[in-house]
Amino acid sequence: MADSYTPPAEIAALVANVNKAAAGFEAAVGGDLHVARRNLQLEAQKLLYSLEEPNIEVWPRIFQVNVSTAVEILSNLGLWEKFEGGKTVSMAELLELTKADEIIIIRVFRQLTAAHIFVESPAGFTLTPLGLPYLNPDHRAFNNLMFFDIIPAIMAMPRTLAEHGYKAPTKESGTPYKWAHGEELWTWLGSHPDRALNMVAGMRSHNAGNVSGDAYPWGTELGKLNIKDGEVAVVDIAGGQGHIMEEVRKRNPEIKGKFIVQDLQSTFDAVSGPPEGVEFMAHDIFTPQPVKDAYIYYYRHIFHDWSDADCTTFLGQVVPLLKAQPKSKLLLVDLVLPDTNATMQDAVRDLSMFPIGGLERNESQWTELLAKSGLKIKKIWRGSEPEACVECELL
């Protein structure tokens, strides 16, 4: 995944500022102590923010609802592009561009500055490294998706869980999203193609700059398989509109064979056609897999959308093929959480899956889930992105 970490020299300067603030705090007495503590806190926060990978931090920030609200307002105002190239935009320019009341702009940018998305100077506002990802429309699409389609169901959870006796959702009860809105998210997206298209864009923000991730070494591993033209190299099951396989193709042009992306026909109808080097095939993951001889069956960001029972159902469409043809591999790309001490991002992403009936799993939960289908973990591949690639094999 392409990253944009703060350069080491800048971090060293921030460390020096923390040390200076710490010395001031140690020397402070009386009424100055509160000011010194606040100054040390701010300098420490700057250092912590400098150690984050900006693209990754977009996700947990979305769940700071005031911040995601301010991000959405800037999107509505069409302002993000005005900050491209490191440009500083003055308050006068912002007012001229938006025709908004000054107090609105002040309060929105106050929130975004506090979140370290912008830095304020007498000349105006400039994007920080943490703000640069919002120049990518995929990140803004994900903010929009979560803000309007998912977070309302999360906010309804205290009520809906109480109404359902704090029982985990089942296929019969429906998901918490359905509890809150009367229909399942996937059904709703099927009848709102504009929102489905927004979701596809939002999913690309998982790994901005490298949407396919680098956990699984496609070129090396597929190169070992001696795939020939005309054979099926990869079936990307529920693969959306092909953006993952498009990138795998571009990064590994030497790989032969077909790349097939399967999804519902309504997903494909939202675009003019498949990316170059990719074939579309309409398919429902809960029905028998029509491609019988692929080298790789691939699910990316799919298992976390579903319960163990549902995952076991659609695994049942693929496992018989693995038994029939030893050459085939099964790859599952999702988070593999630590068994204890999950990070804030881990926890945020897990709870955000709850309304649609899914969850993020730790290694023990992956092992338990796969065993129900006669599978085990062969290897967990990891790269720079949060997601891992779980390579499966038969028990």
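Computed from the coordinates by the stated procedures, all read-outs in this text should not be read as laboratory data. As the structure is a computational prediction, the values presented were derived from the model and not from experiment. Positions of Cβ are backbone-derived with ideal geometry, glycine not excepted, and every protein chain shown enters the neighbour counts.
Each Lys or Arg adds one and each Asp or Glu takes one away; over the other residues whose Cβ falls under 15 Å from the Cβ of Val291, this sums to -2.
Measure nothing fancy, just the Cα-based angle from helix 32-50's long axis to the longest principal axis of the chain, in degrees from 0 to 90, nearest 10. For 32-50 against the chain, the angle is about 30 degrees. Can you bin region 11-75 into rounded, prolate or oblate? Criterion: square roots of the alpha carbon gyration tensor eigenvalues sorted a ≥ b ≥ c, rounded for a/c under 1.5, prolate for a/b above b/c, oblate for the rest. Here region 11-75 falls in the oblate category. Looking at the chain alone, DSSP beta bridges between its own residues are antiparallel in about 45 percent of cases. Annotation: for a label point projected 7 angstrom from Cα along Cα→Cβ of Leu395, residues of region 279-312 with backbone N closer than 20 Å are 307-312. First check a/c for region 205-394, with a ≥ b ≥ c the square roots of the eigenvalues of its C-alpha gyration tensor; if it is under 1.5, answer rounded, and if not, answer prolate when a/b is larger than b/c or oblate otherwise. The shape class here is rounded. For Ala28 and Asn76, the difference between the fully extended length at 0.36 nm per residue and the C-alpha to C-alpha distance is 12.7 nm. Between Lys228 and Gln325, the simple label model (points 7 Å from Cα in the Cβ direction) yields a spacing of 1.4 nm.
Given Cβ point charges of +1 (Lys, Arg) and -1 (Asp, Glu) and nothing else, what value in debye, to the nearest 20, does the dipole of region 141-204 about its Cα centre take?
Working: 6 positive and 6 negative charges, 29 e Å.
Result for region 141-204 is approximately 140 debye, rounded to the nearest 20.
Treating r as the C-beta distance of Val15 and Thr187 and R0 as 51 Å, the FRET efficiency rounds to 0.50. Label positions at Leu135 and Ala162, each projected 7 Å from the Cα along the C-beta direction, are separated by 4.7 nm. Taking label positions 7 Å along the Cα-Cβ direction at both Leu51 and Arg37, the computed distance is 2.3 nm, reported to one decimal. Of the trypsin sites (Lys or Arg not before Pro) found in region 128-187, the ones in coil according to DSSP and having at most 14 other Cβ atoms within 10 Å of their Cβ are Lys167, Lys171.
Multiplying the sequence separation of Ser4 and Ile377 by 0.36 nm and subtracting their Cα-Cα distance, what value in nm do you get? Let's see the in-between values first.
Details: separation 373, 0.36 × 373 = 134.28 nm, distance 3.24 nm.
Net length gain for the segment: 131.0 nm.
Relative contact order of region 309-395: 35 percent, from C-alpha pairs under 8 Å at least 6 residues apart in sequence. Considering only the other residues whose Cβ falls under 15 Å of the Cβ of Ala92, what net charge follows from Lys and Arg at +1 and Asp and Glu at -1? Local net charge: -2. Taking the structure as given and computing Cα extents along the principal axes in Å, which label from (1) 69, 56, 52; (2) 98, 56, 44; (3) 76, 49, 44 fits? The listed entry that was calculated here is (3). In region 244-272, which residues have a backbone nitrogen under 19 Å from the label point lying 7 Å from Lys292's Cα in the Cα-to-Cβ direction? In region 244-272, the label zone of Lys292 (backbone N under 19 Å from the point 7 Å along Cα→Cβ) covers 258, 260.
Under the combined filter of DSSP loop state and at most 14 neighbouring Cβ atoms within 10 Å, region 300-395 retains these trypsin sites (Lys or Arg not before Pro): Lys327, Lys372. Taking chymotrypsin sites (Phe, Trp or Tyr not before Pro) across region 276-312, the ones in a DSSP loop with at most 11 further Cβ atoms lying within 10 angstrom of their Cβ are Phe286.
222 nm [θ] for the chain, helices only, -39500 (n - 2.57) per DSSP H run of 4+, per residue, to 500?
Result for the chain: -13000 deg cm²/dmol, rounded to the nearest 500.
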